[in-house]
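Okay, so here's the structure we're looking at.
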Amino acid sequence: MQPFSYIRPATPQEAVGAFAQAGEGARFIAGGTTLYDLMKLNIERPRHLIDVSAIEGFNRIETDGDRLRFEANAAMSAVATDPVVARDYPVLAESLWKAASQQLRNMATVGGNLLQRTRCMYFRNGAGGIYPCNKREPGSGCAAIGGLDRGQAVLGTSDTCTAVSPGDWPVALVAMDASIEVLGPNGTRSMPVADLYRLPDTTPHVEFTLDPGEMITAIVVPKTLAGRRSTYHKIRDRESYAFALTSAAVALEMNDDRVERARIALGGVATRPWRAPEAEEVLAGQRLTPELALAAGRAAFRDARPGRHNGFKVELGARTIADALRIAADRSRT
Amino acid sequence: MSVGPFSDRARVDALAKVRGEARSAADLTLPRLLYAMTVPSAIAKGTMTALPVEAALRVPGVVRVLTPDDFPAPPPFTEDGPPPPPPTLETTIAYRGQPLALVIAETLEAAIEGAETIRPTFASEPFACVMESAGAQRQPAEDVAFGDVPTALSFAASTVEAIYDSPTQHHNPLELIATVAVWEDGQLLIHESTQASSLVKGAVAGALRIDPARVHVRGATIGGSFGQKAVQRQTALVARAAILSGRPVKLVQPRGQIFHTATYRTRTRHRIQIGADAAGKIVAVQHHVEQEQSPGGYFAVSEYHRDVIRMYGVQNYLGTGADIRLDRQDPGYMRGTHPQPACFAFESALDELAYKSGRDPVELRLANDTRVDPQNGQPLSSRFLNECLREGARRFGWSRRSPEPGSITAPDGSQIGWGMACGIYQSATTPAIATLRIDARGRTRFAISGHEMGQGMHTAIAAVLLEGLDIDPDGLEVAIGDTRVAPQHMTAGSWGTNSVVPAAMQAAERMRSAFAELLGGRQVSGNLHRKLAAIRRPFLQIEVSTLGPGQDQSALEALRQGGFAVAESVYPGFSTFSYSAHFVEVRIEPGTRRIRVPRVVSIADCGRVVSPRTAESQVYGGVIWGLSHALREATEIDPRYGGYLNVDLADYVVPVNADIGEIEIGLVDQPDPLANAVGVKGLGQVSMVGISAAVANAVFHATGKRVRELPIRVEHLL
């Protein structure tokens, strides 16, 4: 808990300007559900908070035309209950509904959600020199490797970090080929959501590809009929208010009982929202059977590197994909 | 004494709680209040070599940093004296998270910031923190044995033997542990969320070496306790801070620290062997239990045998055990305490025996009923376990169960399992001293020992008084939990409500007699307040005291001195226990193997039911926590670092509403004829004991897989 300055700019441009002016230790804050939490744990120690939650008209949900567009400050609960999202894109709505609690969904924004940090317990609970963590203190080591790693990733890990990317919403967005609009000191740019996240490699403390002072302003999802045949299936240690052990975002384009194209992304098992092209390839052009669904699931984990206690995620993850494919396929197109 | 069933009454404090008006210790604000925060140890064992506080003192708002130098040496330990108080601040480190310093400041933020600046240096030593650690010290415990187990087992027609594991678990009541200490005119007043105000008083006086007569403890409204909120190390620290600063001081301990300082349910491993004869009669039980223990902890291994011995009519029992001494803080009592893991193991093994010998699990238990206490041969004062079993089986529809494991499948492919198990818990008694005062202005005040933790003691007392006395319900004050109003017992072990209810009953009777005497045959109309007004008496006050079976006046004296005066339930001439029978349905998804519990039927024998609503609420809570013991909770310890890893409500997984299906509760409501004048027995613990075995047995019935370690998770069934 260290003192920090706090301002509430009125426009995105003002916010980006304030960030540049604040210098070292500046952070944007929106719903605050992650940042305040990590400040209390002494992991995030910002010197300046630029609160973007007061920006007018920065939370619009646009569903006309050939895309969905969610401005960054839209609440998770608002997007989850939008009638078009709920009807035509269950994978998006479910990924929001199955995250956190109603109170948190009312506060947290769909933009801030993309930047949620890992729930690795060694990362969260070890400040003050108790557990080494390359993410928290670069170069200090990783206590999770060789430790209590039941919750850790099996895909995309490195020798320095196995922390799971915790989100549900980013997984659904990656499956749906969504992109983000970004505003920064050098103007605006756009990038696929999938490109926002870095693998830990040797620098696990660098998690996102945003440049300093850049702010996510909107999320854009191209419309597709596959949205109707979609689901976000999440397996966790309790039926609500828990992060995923394994999850699968699935959307299907079907021709009768044949899969023309599948989009599959995984949560709870990887160091970033994990698109699974190996699984998608198994399904392309094939008749969807329970056996094929499981084969697709297993393909997604072909390169898995389990640790001591998380080997079950490989089989559970494969079965989660298989169940998600069945749920999505059972949904009608109309 | 009225003989009919007690009527349903609303919880006395329900409205205040749902409106947020009930005040817990952490809610208390006082003029000139200072806020405190502790500095926890980062190492598990060793010595603190330096404690630099200069940076903390530079934080604006920080008033002082208390260090080990600010505390007196611990009191000398005497064998026959009271248990030693928890240590204060010390340079010797016995466990990770041990408080090393206390920062007090004008604001909570300054106290936290100050505490974060303090980075003590340490000389670390090797440590052991789990059963498997090198250096763990194994210390055999006292045997509990009767009969001849080896001979009986050699004649058994069928036997089972297996090992069962119950994990480390931490209480996580919503309310954090909070202390507010006020030092004024040489008197120390402590407001604390505690279920043991008199023990807190004694511990603080002992630790700070001050006269207990100058220490007063007021147990505030408690937001859940369950054995955690007895005596805390923090209390004397906060009290010392108040004395040194001359200002009131408040400490609300963060949840992550509570995991490291408060007591917890320790991990246990049970090896159970059961033998039965050809008729299904259990002939012998052998039960070896080992538990993780602190270096000086007294949470007794032998008590794992106390209740299980008496579950059925077993003539031969050999109970052995050991403490595994580790560098951890003390384990302690957590709802269901010893019988909770012991019954998980024993009732799981009994299910294995039922399958092995081809008997129905309910029939097997019914056939092993007993009227006598198997350990000593004296009668059980009341035992309605078979009634619990029959009623539970009837409501659950047990007769429709096909016994073959894996034989029931839902249309979606889910495997369905029906399992059952029983629970037992002693019904102990503590003496009580109470005063009852009724005045002419519509007020009634009943002061007695006891703490309201949500279990409904307050409501049960009110029910008895309102049933027995014609008084204004709105003017009734029940004063409990405060060492200033009556000698206080520790409210725990399911002896609270069943000890104070008879005292309330006796007080009502004594008050009616006092009125009869006062009126001397005069006919005066109106309720008791109006009668007093009519004869111009401002008030009438009586005092009563009650004892547990077999206790004499020395128990009252012990209570007055703030000591432990509980009569355990093996009384002279008879034994008294409470019982429960639980029936559980699980559904296990075919693919991802998620386990859900759509349905539970739980029937309890707690003697007479005085407050039906809060009694049923106790059982709901017990069932839910039992499901949590079986399927959710485990505290993770990384043996390389000591301490606990999953120290918040996101990672320490307790059930949420979405996890809970239909729960049907039944109470036998038959008075116990001997334990006390009202016929009540304990309920809080027994409602939870046995649930986790019923779940594991249901999982076996669904899948054919016997899981002998908790919690049962998807990976067990993939």
TODO: Please state the charge dipole magnitude for the range B:429-567, taken about the Cα centre, from unit charges on C-beta atoms (+1 on K and R, -1 on D and E), reported in debye and rounded to the nearest 20.
DONE: 560
- [ ] Counting other Cβ atoms within 10 Å, keep those with at most 14, restrict to DSSP loop, and tell me which GluC sites (Glu not before Pro) in the range B:59-126 are left.
- [x] B:79
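Within a Cβ distance under 10 Å of residue B:611, other residues only, what is the Lys/Arg minus Asp/Glu net charge? Could you put the intermediate results ahead of the total?
Details: positive: B:9, B:11, B:613; negative: B:8, B:616.
Around residue B:611, the surrounding residues sum to +1.
Enter the mean number of other protein chain beta carbons within 10 Å of the beta carbon of each residue in A:320-326, as an integer. Walk me through the numbers before you get to the answer.
On the way: counts 2, 1, 2, 5, 2, 0, 1.
Mean shielding by partner chains, rounded to a whole number: 2.
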TODO: Take the Cα radius of gyration of the range A:5-54 and divide it by 2.2 N^0.38 Å, with N its residue count; two decimals is plenty.
DONE: 1.08
- [ ] Give me B:425, A:6 ranked fewest to most by other Cβ atoms within 10 Å of their Cβ, as a rough exposure proxy.
- [x] A:6, B:425
Task: Between the range B:631-692 and the range A:1-46, the alpha-carbon center distance in angstrom - done: 42
Open item on the list: Could you compute the net charge surrounding residue A:123? Neighbours are other residues with a C-beta less than 14 Å from the C-beta of residue A:123; K and R count +1, D and E count -1.
Closed with: -3
Open item on the list: For a quick check, take a GNM of chain A with Cα springs below 10 Å and name the residue from A:242, A:251, A:144 with the largest mean-square fluctuation.
Closed with: A:242
Task: Gain upon complete extension [residue B:244, residue B:541; 0.36 nm per residue less C-alpha separation] - done: 102.9 nm
Task: Span from the the range A:143-196 Cα centroid across to the the range B:471-523 one, whole angstrom - done: 63
Task: Calculated on alpha-carbon atoms, Rg and Dmax of the protein assembly as shown in Å - done: 30.9, 99
- [ ] Along Cα→Cβ, 7 Å out, is where each label goes; now give me the distance between the ones at residue B:412 and residue B:157 in nm to one decimal.
- [x] 4.3
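In the structure shown, do any of A:234/B:705; A:40/B:45; A:40/A:223; B:17/B:681; A:98/A:223; B:17/B:229 have a Cα-Cα gap over 30 Å, and if so which?
A:40/A:223
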Task: Sparse-neighbour loop sites [chymotrypsin sites (Phe, Trp or Tyr not before Pro); the range B:59-132; at most 15 other C-beta within 10 Å; DSSP] - done: B:77
TODO: Within a 10 angstrom radius of each residue's Cβ in B:594-606, how many Cβ atoms of other chains show up on average? Whole number is fine.
DONE: 1
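If each residue's Cβ is checked for other Cβ atoms within 10 Å, how do A:208, B:344, B:299 rank with the fewest at the top? Intermediate results must be reported in sequence, preceding the final value.
Numbers: A:208 15, B:344 31, B:299 19.
Ranking A:208, B:344, B:299 by Cβ neighbours within 10 Å, fewest first, gives A:208, B:299, B:344.
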Open item on the list: Report the per residue volume, in Å³, of the convex hull enclosing the C-alpha atoms of the range B:429-567.
Closed with: 104
Task: Theoretical gain in end-to-end length, residue B:57 to residue B:677 [0.36 nm per residue, Cα-Cα removed] - done: 217.2 nm
Open item on the list: I need two numbers for chain B: Rg to one decimal and Dmax as a whole number, Cα atoms only, in Å.
Closed with: 26.4, 80
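Based on the mean of other beta carbon atoms within 10 Å per residue, what is the order of B:552-561, B:597-606, most packed first?
Working: B:552-561: 15.3, B:597-606: 25.5.
Descending mean neighbour count gives B:597-606, B:552-561.
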Open item on the list: 7 Å from Cα along Cα→Cβ at both residue B:21 and residue B:718: what's the point-to-point distance in nm?
Closed with: 5.3
Open item on the list: Just to be sure I understand the model, the point goes 7 Å from the Cα along the line to the Cβ. What's the resulting residue A:289 to residue A:62 distance in nm?
Closed with: 4.7
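May I ask you to sort B:269, B:119, B:400 by Cβ crowding, counting other Cβ atoms within 10 Å and putting the fewest first?
Details: B:269 21, B:119 14, B:400 8.
Least crowded to most crowded, the residues run B:400, B:119, B:269.
Provide the convex hull volume over Cα atoms per residue for the range A:147-213, in Å³.
On the way: hull volume 6.8 nm³, N = 67.
Taking only Cα atoms, the range A:147-213 has a hull volume of 101 Å³ per residue.
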Open item on the list: Helix check for chain A. Which DSSP H runs span at least 20 Å along their own axis by Cα, with a mean Kyte-Doolittle hydropathy no less than -1.0?
Closed with: A:312-330
Open item on the list: Kirkwood Rh and Cα-based Rg: tell me the resulting Rg over Rh for chain A, rounded to two decimals.
Closed with: 0.97
- [ ] Relative to the compact-globule scaling 2.2 N^0.38 Å, provide the ratio for the alpha-carbon radius of gyration of the range A:16-96.
- [x] 1.36
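Taking N as the number of residues in the range B:264-420, what is its Cα Rg relative to 2.2 N^0.38 Å? Mind dumping the intermediate values first?
Working: Rg = 17.9 Å, N = 157, 2.2 N^0.38 = 15.0 Å.
Relative to the rule-of-thumb radius for its length, the range B:264-420 sits at 1.19.
Computed from the coordinates by the stated procedures, all read-outs in this text should not be read as laboratory data. This one's a predicted model, so the numbers in the text were calculated from it and none came from an experiment. Heads up, the Cβs are rebuilt from the backbone with ideal geometry, glycines too, and the neighbour counts pull from every protein chain shown.
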